[in-house]
1. Could you work out [θ]222 nm for the chain from helices alone, using -39500 (n - 2.57) per DSSP H run of at least four and dividing by all its residues? Round to the nearest 500 deg cm²/dmol.
2. Given points 7 Å out from each Cα along the Cα-Cβ axis, report the Leu252 to Thr185 separation in nanometres with one decimal.
3. Given points 7 Å out from each Cα along the Cα-Cβ axis, report the Ile260 to Lys177 separation in nanometres with one decimal.
4. With charges set only on the Cβ (+1 for Lys and Arg, -1 for Asp and Glu), what does the dipole of the stretch 5-276 come to about its Cα centre, in debye to the nearest 20?
5. Looking at the stretch 108-210, which chymotrypsin sites (Phe, Trp or Tyr not before Pro) are in a loop (DSSP not H, G, I, E or B) and have at most 13 other Cβ atoms within 10 Å?
6. How large is the convex hull of the Cα atoms of the stretch 66-155 per residue, expressed in Å³ as a whole number?
7. Could you give the length gained by full extension between Ile19 and Ile143, i.e. 0.36 nm per residue of separation minus their alpha carbon distance, to one decimal place?
8. Can you pull out the trypsin sites (Lys or Arg not before Pro) in the stretch 181-232 whose DSSP state is coil and whose Cβ has at most 16 other Cβ atoms within 10 Å?
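Read-outs: derived from the displayed coordinates by stated rules, not from any lab. Every value quoted in this text rests on a predicted model; they were computed, and no experiment measured them. All Cβ positions, even for glycine, are placed from backbone atoms using ideal geometry, and neighbour counts span all protein chains on display.
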Amino acid sequence: MARHNYVFLYGRVTKNPKIITDDNGNFLRGQCMLTTVRGERSVDDDTMGNFKYDCPIILTKNEQLIYEMSTWHENDMVEVKGTISTKDIKRTTTCKHCGHQNSKLGVLLYITPIYTSAIERNLTKEQCFELLRKKCEISNECIVAGNVCNDPQFYKHPNGLCQTQYQIALNRKFRVKEDPPEIKTDFPWVKSQGTGAESDAKFLMKGSSVLIDGMIQTREFMQKTVCEECGQEYEWPDQAMEIVPYCTEYLLNCRSAEEIETMEQAEGDDIFEKLFGKSDE
């Protein structure tokens with residue numbers, strides 16, 4: 001299948017970039033967070049008509065791009081063209097009950113830049129947000145094509161919002177020179193919402209191929225962990241970056257309408273049997 005992994009961001013430099021150099025001053029790594037705004041296309045999450053902001057992470061080991069990033073300052077407006085990249089990481093937290101350190105594996109999603117450009121410099125925070133609102137339709141865009149890695153998980157929250165979550169495998173369109181050559185695939189998480197979530201839960205399964213037109217979402221939430229030492233549960237603050245689709249095209253290995261109808265009929269029969277007992281016929 002075609003390999004698509006494209007991200008375009010227009011955003012405010014949230015704070016001065018973090019630039020890492022060696023003892024001789026050679027650039028090793030550049031990291032920056034951009035404040036972006038979502039487009040006004042609805043994803044059925046009650047944000048239609050309201051501006052919602054996300055802060056994706058830009059990370060590069062390319063010397064030229066690090067140099068360009070080193071010239072950025074807080075409240076500059078920049079453009080970034082790049083790709084979604086992921087990295088397996090270990091998060092370590094401390095139990096609030098006994099002080100034991102617990103580790104949990106996770107996936108870090110970040111943007112590897114291909115092209116960057118500072119568009120406006122030395123603005124005020126208010127000027128930055130005014131520009132973001134004017135250009136909301138181009139501030140946070142991504143188009144990816146990949147294969148679903150696991151059966152999607154469907155949730156319906158007490159407020160009625162439906163969400164479906166699944167991980168996809170993205171084959172890299174080009175090799176990131178600074179990464180080891182054996183890394184050829186990235187594994188971001190996707191979180192669809194509303195009617196899109198209901199559709200994804202029906203049509204998608206492990207091995208399905210999809211084309212997603214969406215955006216990068218960042219969020220903070222409280223994670224729960226059971227301490228492996230004392231067995232007590234505790235909470236700790238976590239962050240996530242994931243793809244939220246505006247729309248998803250089902251390409252290959254997806255359930256057909258006939259298969260879904262058969263599944264729904266079987267589920268209806270099971271419910272009937274639980275309520276009224278099995279038919280004698």
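1. Theoretical 222 nm ellipticity from helices: -5500 deg cm²/dmol.
2. 1.3
3. Reported label-point gap for Ile260 and Lys177 is 4.6 nm.
4. Dipole of the stretch 5-276, to the nearest 20 debye: 980 debye.
5. Values: sites: Tyr110, Tyr115, Phe129, Phe154, Tyr155, Tyr166, Phe174, Trp189, Phe203; in loops: Phe174.
Taking the stretch 108-210 and a limit of 13 other Cβ atoms within 10 Å, the loop chymotrypsin sites (Phe, Trp or Tyr not before Pro) found are Phe174.
6. Considering the Cα atoms of the stretch 66-155, their hull volume per residue is 230 Å³.
7. Contour length minus Cα-Cα distance gives 41.8 nm.
8. Lys184, Lys206
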